[in-house]
Amino acid sequence: MNASLTESEQTSKSANSAEIVGTDVRKTYPVLEMSCAACAVSVESILQHTPGVTNASVNYANQSALVQFDPKVVTESDLQQAVQAGGYDIVVVGEDPLQIQQEAQQRAYERLKQRTIWAVLLSIPVVVVGMFFMQWPYAPWVGMLFSAPVVFWLGRSYFVNAWKQARQGRSNMDTLVALSTGIAFLFSTFNTIYPAFWLSRGLMPHVYFEAASVVIAFVSLGKLLEERAKSNTSTAIRQLMNRQPKIVHLLAPDGTEREATLAEVRVGDLLSVRPGEQIPVDGPVESGQSYVDESMLSGEPVPVEKTAGSSLFAGTINQKGSFRMRAAKVGNDTMLAHIVRMVQEAQGSKAPVQKLVDKIAGVFVPVVIGIAVLTFVIWLLVGDTHAPGGNAFAQALLTSVTVLVIACPCALGLATPTAIMVGIGKGAENNILIKDAESLELGQRVNAVVLDKTGTITQGQPVVTDFTWATGSSNQDRLRQILLSLESQSEHPLAEAVVKYLKVDTKPLTLDSFESLTGRGVMGKADGQTYFVGNERLLKEMTSRLGDVISFGLEASKEMSSPKRDVISAARTIIYFADEHQLLATLSIADPIKSSSASAIKTLQERGIEVHLLTGDNPGTAKTVADSVGIKQFLAEALPTDKAEYIKRLQAKGKIVAMVGDGINDAQALAQADVSMAMGKGSDIAMDVAKMTLLTSDLASVPNALQLSKRTVRIIHQNLFWAFVYNLIGIPIAAGVLYPAFGFLLNPMMAGAAMALSSVSVVMNSLRLRM
């Protein structure tokens with residue numbers, strides 16, 4: 001690695017790392033200025049049609065573009081210019097692209113928040129005047145004064161985005177909002193300034209300023225909720241990157257030690273790692289011994305012993321010992337950098353789920369425009385003989401505007417966000433935090449749930465489950481004090497479980513001496529007697545050294561050997577406590593299964609959902625836990641990449657997969673899954689990647705969350721159905737289809753009232769979720 005690289009450049013490389021694919025480069029870029037799923041489609045189309053680009057995938061949820069391109073044909077600047085020409089932008093330069101994107105998203109969120117607040121505040125007097133003071137002579141002017149900034153300043157983004165879509169030959173919700181509010185405002189302005197035009201023709205000059213401003217306010221509120229969900233999508237990536245230390249202890253060939261930045265480390269360098277520090281790079285232990293917390297990779301809470309020759313991985317955490325390591329992989333070659341890259345790609349490679357309303361709007365907008373134009377033409381042709389007052393042009397204009405007003409997307413715009421808002425609120429009441437609408441909408445389709453073991457099915461912390469005294473052990477209170485004192489000084493990670501268990505009713509004493517026995521346990525002296533605490537290997541050494549007296553714990557006693565066989569079959573760890581003459585006690589340590597796990601898994605299976613178990617633990621433990629909770633499919637000794645690949649295989653079979661995990665090692669799998677859930681007591685990174693957080697860490701929340709999704713989507717579909725029934729009935733009536741037979745015409749004011757009624761019905765239907 002180039003030693004001249006700055007620390008920030010090193011961070012940037014990890015955040016925006018490139019992968020070589022043949023002669024191509026594959027790289028993820030943050031995207032700016034996207035406001036809807038259709039924007040992501042536009043950016044993707046622009047990139048895919050740029051010469052030199054092999055493939056491009058744009059993800060609206062995390063605002064990123066994964067681009068594979070030939071650097072000999074197209075440069076990063078060319079990509080940026082192509083995207084900018086379409087009205088968007090990508091970040092290709094800068095020390096930290098993710099930071100640039102995050103700051104831009106935060107600024108956009110704050111701007112939208114201010115615009116939404118002002119749109120609501122300015123809409124209130126317009127609605128009050130329009131509904132209750134219609135006969136006041138100055139009512140139209142007040143409405144125009146307050147609604148003008150709402151429509152053309154606070155709502156300008158809808159007009160800008162509608163123009164962007166029009167340039168691409170597309171239309172979406174923004175097109176409908178801009179078209180209906182713009183026409184309603186302009187028509188009302190004309191009626192306010194030139195009321196005589198209608199009065200002279202025997203028609204009332206109605207205004208619809210409240211309809212225009214309320215639509216902007218409501219739709220902006222929905223956008224604000226959406227922006228809040230995705231404003232910090234890069235947080236998980238940044239936290240993963242921050243697991244590497246910024247400063248390392250570099251050893252020179254002459255043995256002198258100096259502090260250096262991570263960017264200065266090269267392959268072959270010798271590094272010193274002290275207690276409590278993060279491992280800076282991948283490589284083997286050169287000398288020394290310690291325990292390292294590798295839960296980032298395995299998910300298992302018990303740190304792993306490391307001695308000379310053992311492999312170390314960047315981002316894992318050293319415990320109490322010190323050692324020297326040799327740098328084997330640095331920068332983008334480390335396991336941590338690989339996890340960061342895979343999380344980015346898993347998030348960015350998923351096809352964006354385009355909102356149903358945007359899909360509908362893509363068809364609905366041109367249809368409504370076509371009906372409005374057709375209405376105008378028909379009334380213009382036949383109006384001279386059939387129009388009220390015989391004024392064909394005036395009636396043609398009035399009916400066509402009525403069509404556009406009644407098609408105003410208030411109910412359509414509220415259909416999804418109101419149901420989502422109520423659904424998210426209901427989830428919060430049940431300790432389920434839902435980040436975005438996509439996961440809530442997709443949850444009802446889940447037919448496979450993948451569970452992590454440690455911290456998800458189990459408690460995630462080793463505890464003493466059995467404490468058995470050997471027959472003949474006397475003065476047990478004093479022996480408990482000695483055991484507590486020995487384990488209090490032990491560096492072994494399982495010693496903490498013993499200390500926690502004993503200190504409830506026991507106080508330690510002062511030992512005469514203490515010695516750590518690497519890889520076996522500890523020994524110490526008290527009251528002139530030597531005591532040992534350790535594993536079976538230590539007990540066997542003592543047996544060979546001291547004779548058959550101590551072999552009591554291994555073979556001679558049925559009382560001790562039977563529990564030993566039971567706990568081993570239950571995937572527990574056995575610790576032996578002995579003195580120089582006999583085995584005194586055995587302790588069983590395990591990570592207990594949560595009380596609600598089995599019933600929650602049974603509920604999922606009864607609903608026809610497959611349940612899978614993935615764990616970094618050994619096959620024996622995995623099988624024991626799986627059998628205990630009724631899971632048939634499981635994968636043991638799974639690394640983060642293995643978990644993500646397992647989910648990919650399920651998705652390839654057509655499964656909609658939900659992943660439930662709590663650790664950093666689950667981040668990649670959570671990002672890959674269709675629906676991701678993190679345990680509230682788990683790592684911050686898992687919660688940042690996941691789209692749902694189960695605050696109580698209770699597995700029973702999983703079926704509850706999926707059921708809530710099902711109810712919410714049902715309400716959304718009902719809302720959309722009634723919104724369209726309203727349009728299917730209202731638009732023909734507004735066009736004048738009843739006039740020839742019944743002489744009935746729907747004026748724009750009645751159309752506005754009907755629109756308001758449809759909005760109220762949508763909100764009331766959404767509130768049923770609270771029941």
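The values are calculated or read from the model by the stated rules, or taken from the named source; none is laboratory data. Everything quoted here is computed from the prediction, not taken from an experiment. FYI the Cβ positions are ideal-geometry reconstructions off the backbone, even for glycines, and counts take in every protein chain you see. To get the accessible areas, we keep the full protein, side chains included, count just its heavy atoms, and leave off ligands, DNA and RNA. Shrake-Rupley method; radii C 1.70, N 1.55, O 1.52, S 1.80 Å.
How large is the accessible surface per residue of segment 597-703, computed with a 1.4 Å probe and reported in Å² as a whole number?
34 Å²
Would you pull out the residues with amide H under 5 Å of PHE323's amide H, same chain only if 5 or more places away, H placed 1.01 Å from N?
VAL273
Given 5 Å bins starting at zero, what is the percent of C-alpha pairs of segment 48-160 in each, up to the one with the largest pair distance?
Each 5 Å bin holds this share of Cα pairs: 2, 9, 14, 15, 12, 10, 9, 8, 7, 6, 5, 3, 1, 0.
Taking a 26 Å limit on the Cα-Cα distance, which of the listed pairs LYS320/LYS500; LYS602/LYS691; LYS500/LYS602; LYS602/LYS681; LYS113/LYS426; LYS329/LYS453 fall beyond it?
LYS500/LYS602; LYS329/LYS453
LEU312's amide H: which non-local residues (gap 5+, or another chain) put their own amide H closer than 5 Å, with H modeled 1.01 Å from N in plane and none for Pro or chain starts?
Excluding prolines and chain starts, which carry no amide H, the hits are GLY283, VAL285.
May I ask you to evaluate 6.51 cos²θ - 1.76 cosθ + 1.60, the Karplus curve with θ = phi - 60°, for each residue of segment 152-160 and list the ³J(HN,Hα) values in order in whole Hz, giving x for glycine and proline?
9, 10, 5, x, 5, 4, 5, 6, 5
Carbon-plus-sulfur fraction of the accessible area of segment 616-755, 1.4 Å probe, in percent?
On segment 616-755, the fraction of accessible area on carbon and sulfur atoms equals 60 percent.
Probe radius 1.4 Å, ligands and nucleic acids ignored: give me the carbon and sulfur share of the accessible area of segment 479-518 as a rounded percent.
That share works out to 46 percent.
Sorted by accessible area (1.4 Å probe), largest first, how do ARG111, ARG201 line up?
Solvent-accessible surface, decreasing: ARG111, ARG201.
Looking at segment 581-634, which trypsin sites (Lys or Arg not before Pro) are DSSP coil and have at most 14 other C-beta atoms within 10 Å of their C-beta?
ARG607, LYS632
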